[in-house]
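What follows is a single structure, written as structure tokens, with notes after it.
The values are calculated or read from the model by the stated rules, or taken from the named source; none is laboratory data. What you are looking at is a predicted structure, and each value in this text was computed from that prediction instead of being measured. With ideal geometry, Cβ positions are generated from the backbone for all residues, glycine too; neighbour counts draw on all protein chains shown.
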Amino acid sequence: MNLIHCTVLLVNLQCVAMEYFCGPNTNMVVQMISKWFTRLCDQLEINNCCYNHDVCYDNCAVTQNACDSYFCDCLRQIPTNFFCRNIVQASHCTFAQIFGKPYKCSNYMGRPQRTSFPYPSYRDPPIRPKL
């Protein structure tokens, strides 16, 4: 029985690494957790948002804040239920904002850079001093 479980786990890990873009490709555990949590949601649309987020991170001309805003907006535009919107998609957005810095502009996925994105342009808000 353990051999079957190990085989299933290895097959799942290979599938995650080949086709799933949420989470860093260097951390299959994070990808597997993300894939497991998104299974009750529109996983294809979430994965598409993750792919575009990765492409944005590969582009050094775009700030992390802009990429994360694109990503969170992309997730928010997916029609879904309460659980997916408020737990799954919100956590993906938050994790990217908190843990994304090491992956920004590192070209870790090796995809070609894009000059345009499938969502509206975003500009970083100007930094205003507190009055």
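Quick rundown of the values:
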item: Members of the stretch 43-79 that are out of contact with any helix residue (DSSP H, G or I) (no Cβ under 7 Å at 6 or more places or on another chain), closer than 17 Å to Ser91 by Cα and acidic (Asp, Glu); result: Glu45, Asp54, Asp73
item: Selection count where residues are at pLDDT 55 or above, in a helix (DSSP H, G or I) and within 22 Å of Ile78 (Cβ to Cβ), scope the stretch 1-23; result: 1
item: Selection count where residues are closer than 20 Å to Asn27 by Cα and buried (at least 19 other Cβ atoms within 10 Å of the Cβ), scope the stretch 77-103; result: 6
item: Filter result (among the aromatic types (Phe, Trp, Tyr) and surrounded by fewer than 21 Cβ atoms within 10 Å (Cβ to Cβ)) within the stretch 30-76; result: Trp36, Phe37, Tyr51
item: Residues satisfying the stated conditions in the stretch 42-78, i.e. over 15 Å from the mean Cα position of the chain (by Cα) and modelled with pLDDT of 95 or more; result: none
